[in-house]
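Chemist: If you scroll down you'll find the structure; I have some questions about it.
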Amino acid sequence: MAEREQEYWWHLGRYEIIEQYMQLAVKGQKADEVNILNIGAGTGGTIPSLEKFGSVLNADVSDDAIKYLKKRGYKAEKIGTGKLPYKANSFSVVAAFDVLEHIDDDEAALKEWSRVLKPGGKVVMTVPAYDWLWTDHDVSLQHFRRHTRKTVAEKAKKAGLDVSKTSYAIVFSLPLVVGFRYLNKALKRKTTEETSYVSVPRWVNKSFTQLLKAEARGHKYMAYPAGTSVVAVLTKPAKSKEKS
């Protein structure tokens, strides 16, 4: 995974999109004023993007991930799947990229993310889109569900979070993913975490990366109507004052 995060088009283009939404989340704030809780940090691919906007505390449920992140020199802490070990009103931003779909009680998770945010703080998150795209790939990754912009907004509201912006992302890949998954279904070929990464020539990888970088620039001005991911910025109301 660490190797893929450094070279595969999906990851490289996604970083550009994440940075656009981080700019929206911390607008008007200086980097030394912003502290970010990076939940589900994994092997750390998104950390360099986040560090452009503030200090980053990385958290994950995996002991292996924490050891790997610390080996790379990042600040990292082990967390569980329930209440976070942080005081209320502690962070400027909670970043959670392709994390919520791994949590059974996702509404409780959103409430907990809101609790540790400072009033006016932001959740910046991505989730995979559309239940109708569900395959064995989702099972292998231990997903509980996929999302739409509507379901993200509904769950945010239940958690007491306001929606600042939602959009679909990784737009150009939608017909490619649909075709690939339905072809696998027709051929009765199982997909896994490994086989979902389709090897492409270097020039194709570079071209796809450039397409996503172009998409990222568009996110600054618009919300896309379809894509294989949902990206969102959710805001904790400024008057919210949870206790630790």
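The values are calculated or read from the model by the stated rules, or taken from the named source; none is laboratory data. This structure is a prediction, so every number in the text was calculated from the model and none was measured. Cβ coordinates were reconstructed from backbone atoms using ideal geometry, including for glycine residues, and neighbour counts include every protein chain displayed. We work out accessible area using only protein heavy atoms, side chains counted, and drop any ligands, DNA or RNA first. Shrake-Rupley method; radii C 1.70, N 1.55, O 1.52, S 1.80 Å.
Chemist: Lysines near residue 236 by alpha-carbon distance under 18 Å, same-chain residues fewer than 8 away left out - which ones?
Modeler: 27, 83, 87, 111, 118, 122, 155, 157, 158, 165
Chemist: Could you sort 10, 113, 134 by accessible area so the largest value comes first, with the probe set to 1.4 Å?
Modeler: 134, 10, 113
Chemist: Under the classification rounded if a/c is under 1.5, otherwise prolate if a/b is larger than b/c and oblate if not, where does the range 64-120 fall, given a ≥ b ≥ c as square roots of the Cα gyration tensor eigenvalues?
Modeler: It comes out oblate by the Cα gyration axes.
Chemist: In debye, nearest 20, what is the charge dipole magnitude of the chain about its Cα centre with +1 on Lys and Arg Cβ and -1 on Asp and Glu Cβ, if you could check?
Modeler: Rounded to the nearest 20 debye, it is 560 debye.
Chemist: Please work out whether the range 1-83 counts as rounded, prolate or oblate from its C-alpha gyration tensor, where a ≥ b ≥ c are the square roots of the eigenvalues and a/c under 1.5 means rounded, while otherwise a/b larger than b/c means prolate and anything else oblate?
Modeler: Taking the square roots of the gyration eigenvalues as a ≥ b ≥ c, the range 1-83 is oblate.
Chemist: Set the Förster radius R0 to 35 Å, insert the Cβ-Cβ distance between residue 140 and residue 29 as r into 1/(1 + (r/R0)^6), and round the FRET efficiency to 0.05.
Modeler: 0.35
Chemist: Let me ask something additional. In Å², and per residue, what accessible area does the chain have when probed at 1.4 Å with the other protein chains present?
Modeler: Each residue of the chain exposes 51 Å² on average to a 1.4 Å probe.
Chemist: Could you list which residues have their amide H under 5 Å from that of residue 121, counting only those 5 or more apart in sequence or on another chain, with H placed in the peptide plane?
Modeler: 236
Chemist: Right, here's the next one. If you wrap a convex hull around the C-alpha atoms of the chain and split its volume per residue, what is the figure in Å³?
Modeler: Dividing the Cα hull volume of the chain by its residues yields 121 Å³.
Chemist: Kindly report, to the nearest 10 Å², the accessible surface of residue 63 as traced by a 1.4 Å probe over protein heavy atoms only.
Modeler: Ignoring ligands and nucleic acids, residue 63 comes out at about 90 Å².
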